[in-house]
Amino acid sequence: MSAPSAIAARPLTAYAAGPLKGRVTVPGDKSISHRALMLGALSTGVTRLTGLLEAEDVINTARALTALGAPIEKVGEEWRVTGRGVGGLRQPAAPLDFGNSGTGTRLMLGVIAGHDMTVQLTGDASLRRRPMGRVLGPLQTMGLIVEGGRDRLPLTARGSASLVPITYELPVPSAQVKSAVLLAGLHASGETTVIESEPTRDHTERMLRHFGAELRVEAADGKTRITVFGDAELEGRDVIVPGDPSSAAFVAAAAALVPGSDITIAGVLTNPTRIGFYEVLREMGGDVTFVDEREEGGEPIADIRIRHAPLRGVHVAAHRAPSMIDEYPILAVVAAFAAGETRMDGLAELKVKESDRLAATVAGLVANGVRARAEGDTLTVEGAEVVRGGGTVATHLDHRMAMAFLTMGLASREPVSVDDTTMVATSFPEFLSLMQGLGARFGSDAGGAR
């Protein structure tokens, strides 16, 4: 795994396409890929992973774990992690560079917290702008020390071999904070508990059990208490990583918007905490079917079939946000083509993603003739039968912004351009080629559509 290198910006334009048709698979789920690598490194023995997302965010996590003393290699189609056991990682010789990955960084802080070592963490320009205070707070209570009190990268963190178990109630829903605390709790003596008032993605809980951790989940008074028992002993496991529903959302949206389209996306994760986008798409009138529903490695999966259908505006309540927080930019694009108004509440988290996605989404919509506005944490989009397009969208180094507005261009009257597509490799390296295989048309200003 060689170090990442700087790449010049690659603008691209999407053109109206004919019907998109076919059966495809999307890259492995990013959330599960990160967690499987980390828990493999904290286990004894070898963990074998198939379907791992081979994108920059996950590769950076693999590089970091290798630098921490848990070798990771690809053998054929399988990735193998040689674990060092809970507390068995070593101090790296150089700073850990997470590129654009907020998930990798925040979860790794939970891993580092339980080791008596000092680690420097850094990332690209986008990641360095993102706050880490929400995850650092509870980890510092457990015993993690952050030099200089920084809450943004680059930062230097010093872990402890004797972490203090805590009971921590999430002030806002966050699977990343929950997961970081639970990962740190593996190293503490006693019980570490996270309390959540709203459900967030539960991949960490499922995977902890898969690797042999002792876990207790209790629901009462509208809250869920997740407790992990410390001084844990994990064992290497085989993990099959299902398709990422967040990546699949762009393909699904294209099928929903382009007349005559009919696409099946095979083997997608359908965990209830991750399918909010598909539920809302159905409420809008979308033709969405889950086919061959099954379970693999403790997670539900299915083939998702999406066909074009007329759409209508809906109200998306704030409680839906945790199950689809990454999908709001593409949902906003879908809403632009839906009859009537779509209002999405509870989007504060969008302001601290790879970019301020709330402001960037509004700017992208307006640049393409769509009436949209953000008021507080609410995004309102006024749909139209025909979306003009014709604009150039500033992606702000955000992969989901790039893919969302390229998807818009496949169904708008005029082409839609984005200022950069290099960052798409952080989550969906095959996006352009996969979409072209279904019939999408992309091109540069110099080369025209292809």
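Just a few scattered comments:
- Check on V387, buried (at least 23 other Cβ atoms within 10 Å of the Cβ), outside any helix (DSSP H, G or I) and out of contact with any Cys (no Cβ under 8 Å at 6 or more places or on another chain): no
Quick grid of which residues meet (1) in contact with a Cys (Cβ under 7 Å, 6 or more places away or on another chain); (2) more than 29 Å from G104 (Cα to Cα); (3) at pLDDT below 95; (4) surrounded by fewer than 23 Cβ atoms within 10 Å (Cβ to Cβ):
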| residue | (1), (2), (3), (4) |
| --- | --- |
| P329 | no, no, no, no |
| K353 | no, no, yes, yes |
| L358 | no, no, yes, no |
| V370 | no, yes, no, no |
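Yes/no per residue for (1) of a type in the set (D, E, K, R); (2) within 22 Å of L410 (Cβ to Cβ); (3) assigned by TED's automatic domain parsing to the domain that holds E54:
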position	(1), (2), (3)
A252	no, yes, no
A256	no, yes, no
I263	no, yes, no
G267	no, no, no
E279	yes, no, no
F290	no, no, no
R294	yes, no, no
G298	no, no, no
A302	no, no, no
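- The number of residues in the range 154-185 being small (G, A, S), closer than 25 Å to R130 by Cα and either outside the structural domain of G230 (by TED's automatic domain parsing) or out of contact with any strand residue (DSSP E or B) (no Cβ under 8 Å at 6 or more places or on another chain) (or both) comes to 4.
- Only residues that are touching a helix residue (DSSP H, G or I) at 6+ places or on another chain (Cβ under 6 Å) and assigned to a loop (DSSP other than H, G, I, E, B) were counted in the range 390-438, giving 10.
- Residue match in the range 186-209 (condition: assigned to a helix (DSSP H, G or I), touching a helix residue (DSSP H, G or I) at 6+ places or on another chain (Cβ under 7 Å) and either within 22 Å of H399 (Cβ to Cβ) or not assigned by TED's automatic domain parsing to the domain that holds A70 (or both)): yes
- Which listed residue is buried (at least 21 other Cβ atoms within 10 Å of the Cβ) and either β-branched (V, I, T) or at negative phi (or both), from A64, A94: A64
- Scanning the range 338-376 for residues that are out of contact with any Gly (no Cβ under 6 Å at 6 or more places or on another chain), in contact (Cβ under 8 Å) with a residue 12 or more places away in the chain, of a type outside the set (K, R) and outside any helix (DSSP H, G or I) yields M344, D345, G346, L347, E354, S355, D356, G369, V370, A372, A374.
- Residue list for the range 139-184, restricted to those being at pLDDT 95 or above, aliphatic (A, V, I, L, M) and outside any loop (DSSP other than H, G, I, E, B): L139, M142, I145, V146, L155, A157, V177, A180, V181, L182, L183, A184
- The condition of being surrounded by 24 or more Cβ atoms within 10 Å (Cβ to Cβ) and either farther than 26 Å from G230 by Cα or more than 18 Å from the chain's Cα centre (by Cα) (or both) holds for only one of T105, T47, T82, that being T47.
- Flag for P322 being assigned by TED's automatic domain parsing to the domain that holds A367, out of contact with any Cys (no Cβ under 8 Å at 6 or more places or on another chain) and farther than 19 Å from P272 by Cβ: no
- Contact map, the range 204-219: first residue under 18 Å from E169 (Cβ atoms), second residue in a loop (DSSP other than H, G, I, E, B), Cβ cut-off under 9 Å, separation 6 or more or different chains; pairs are V217/D202.
- Any hit, the range 426-434, residues being within 13 Å of P329 (Cβ to Cβ), assigned by TED's automatic domain parsing to the domain that holds A252 and modelled with pLDDT under 95: yes
- Restricted to the range 382-416, and to residues there that are acidic (D, E) and at pLDDT 95 or above, the residue that is nearest to M435 (Cα to Cα) is E414.
- Taken over the range 127-161, residues that are small (G, A, S), surrounded by 15 or more Cβ atoms within 10 Å (Cβ to Cβ) and more than 18 Å from Q176 (Cα to Cα) amount to 3.
- Output for the range 197-208, where each listed residue is farther than 18 Å from D244 by Cα and either polar (S, T, N, Q) or modelled with pLDDT under 95 (or both): S197, E198, P199
- Residues satisfying the stated conditions in the range 127-144, i.e. of a type outside the set (K, R) and more than 21 Å from G190 (Cα to Cα): L127, P131, M132, G133
The values are calculated or read from the model by the stated rules, or taken from the named source; none is laboratory data. What you are looking at is a predicted structure, and each value in this text was computed from that prediction instead of being measured. Cβ atoms come from the backbone with ideal geometry, glycine included; neighbour counts cover every protein chain shown.
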